[in-house]
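No value in this document is a laboratory result; all are computed from the given coordinates. Just so it is clear, the model here is predicted, and its values are computed rather than measured. Every residue, glycine among them, receives a Cβ derived from its backbone with ideal geometry; neighbour counts consider all protein chains shown.
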Amino acid sequence: MHPPTSGQAATTADIKDSILDAIGDTPLVRLSRLGAELTPQLVAKVESLNPGGSIKDRVAVALIEAAERDGHLRPGGTIVEPTSGNTGTGLAIAARLKGYQAIAVMPDKVSREKIDLLRAYGAKVVLCPTQVEPESPESYYSVSDRLATEIPGAFKPDQYRNPANPAAHYGSTGPELWEQSGGRITHLVVGVGTGGTITGTARYLKERNPDLVVIGADPAGSIYTAPTSADVKGYMVEGVGEDFWPTTFDPSVVDRWIRVSDRDSFLTTRRLATTEGILTGGSCGLAVHAALEVAAEIDDPEAMVAVILPDGGRSYLSKIYSDAWMTEYGFLERTGEVSVGDVLLRKHDDTIPALVTVRSDQSVREAVSLLHEHRVSQLPVVSARDEHAVVGSIGERGVLKHAVTDPDVLGAPIVDVMEPPFPVVSVEAPVRDAVELLSGDRQALLVTRDGQPAGILTRADLLESLAA
């Protein structure tokens, strides 16, 4: 590359000072194929093109900058945030560049890719059970509170209560949509999670067009559209919906709600990729499904329905874009071939945990007690330091064999008598693979889901399933 000679015009450099300066100004794209039969225009704000892959990059920087201004964050401090992944990613990126540590506290339903992504950015990840009440000490909200209190110099931005969340969208997402659409938006469709996106964006746009119709898309099971408290229950779409009302959400900006099932969300997500070439997450499919429903009712060619697509799909390749996963959970029709996951589901008994393990630092007597208590014949042995690391196995037959020759074996540590780990098979594998692995003297298989232990299958389990 040579400098321009006389007569050549010099160009102006456009170099960002850091990746944080690349946040925002995401494109507004016409969904001309999905909307081919619709009367109004259907357009989408593609937020996966932010550096961290989601709309939450906008919020993350705003949360940190507000904390710095208010003196809550000091050099070397730690950011602790409950998140389904995207806010955590944005915080992790900004934290590294600004000299902070980041801890993401997440529900255990999130995809493995999200966890790995956060760790790749240097964040620590703490997983908490999904199926607990928000007030439970085990919930990811409560655990984040505890960590923020216990860790010196820690601060919890709290996207669910921090006014910097909706303010970020009032200052960026709303103005961008207004300018990119030429002020022609008549309907705005947004999936509602913390409520920050819909609150900030709708406030800005309604100031410019009071007739704007704002539609909140909500997963079935979320509190926002649940007819009664009994209807608030678990759902599988990530990053949208809630089981409590965040203070960052102003419900008065929503003119209409549309409830969307997990199945419709995921199938629309896949359709968005194959039809429009836009790879997104499940909350985007949820919002697009609602947008299509809204647009189908409009008979005005001058109308414009805009939908916000919060994130990209690369964090969901093992879930929404996996035929095996979609089939296992009933979102795709089965092809007729029985999978290992099918057998595991049929074996499930609400009175017995899906997977019973024993730690390597426990005694043989404790292992025998677990075998009897849970009415199982085989147990995986996991590391005393990592419950997901399987280091061996123990079974009734092996323990009995040792006890015949050494009556004192019950007091010995498990490591003295444990056998090699069970062969591993994925929930996605066909049953024939499991049958082949159980040849010879092998007594059981360890079944994994997303690389994590999920259950045990024995010959008897396979025979009972095939007979059924």
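Scanning residues 5 or more positions from E238 or on other chains, those with amide H under 5 Å from its amide H are G282, S283, with H placed 1.01 Å from N in the peptide plane.
With the Kirkwood sum run over all distinct C-alpha pairs, the chain has a hydrodynamic radius of 24.8 Å.
From the P(r) of segment 56-155, could you give the percentage of C-alpha pairs in the tail past 18 Å? Value for segment 56-155: 42 percent of Cα pairs lie more than 18 Å apart. What the Cβ-Cβ distance of E387 and D70 gives, at R0 = 30 Å and to the nearest 0.05, is a FRET efficiency of 0.20.
Counting Lys and Arg as +1 and Asp and Glu as -1, what is the net charge of the other residues whose Cβ lies under 12 Å from the Cβ of S48? Taking every other residue near S48 into account, the sum is 0. Charge tally for T405 (other residues, Cβ to Cβ under 15 Å; Lys, Arg +1; Asp, Glu -1): -1. Rounded to the nearest 10 degrees, the angle from helix 262-276 to the longest Cα principal axis of the chain is 60 degrees. Multiplying the residue separation of V126 and S439 by 0.36 nm and removing their Cα-Cα distance gives an extension gain of 108.8 nm. The amide H of I456, built 1.01 Å from its N in the peptide plane, has V447 as neighbours under 5 Å, considering only residues 5 or more places off or on other chains. Need one number: the % of Cα-Cα pairs in segment 188-256 sitting beyond the 17 Å mark. Of all Cα-Cα distances in segment 188-256, 40 percent exceed 17 Å. Between F244 and R346, the distance separating the two model label sites (each 7 Å from Cα on the Cα→Cβ line) works out to 4.2 nm.
Computed from the C-beta positions of I15 and L97, the FRET efficiency with R₀ = 22 Å rounds to 0.90. Phi angles of segment 446-459 translate, via the Karplus equation with coefficients 6.51, -1.76, 1.60 and θ = phi - 60°, into HN-Hα couplings of 8, 9, 10, 10, 6, x, 10, x, 10, x, 10, 10, 10, 4 Hz per residue; Gly and Pro are given as x. Mean residue ellipticity at 222 nm, helices only, the chain: -9500 deg cm²/dmol; runs of at least 4 DSSP H residues each add -39,500 (n - 2.57), and the sum is divided by the number of residues.
For segment 340-467, relative contact order (Cα pairs under 8 Å, six or more residues apart, normalised by length) works out to 28 percent.
Counting only alpha carbon atoms, the long axis of helix 140-150 and the longest principal axis of the chain meet at about 90°. The phi-based Karplus calculation (6.51 cos²θ - 1.76 cosθ + 1.60; θ = phi - 60°) puts the 3J(HN,Hα) values of segment 295-303 at 5, 5, 8, 9, 10, 10, x, 8, 6 Hz, whole numbers, x for Gly and Pro. Counting only alpha carbon atoms, the long axis of helix 86-98 and the longest principal axis of the chain meet at about 80°. Summarised as an ellipsoid, segment 340-465 has semi-axes of 25, 15, 14 Å, derived from the eigenvalues of the Cα gyration tensor scaled by 5 and square-rooted, with the largest first. Over 21 Å between C-alpha atoms is what I'm after, so list which of K156/K319; K206/K233; K98/K124; K45/K233 land there. Long pairs (Cα-Cα over 21 Å): K156/K319; K206/K233; K45/K233.
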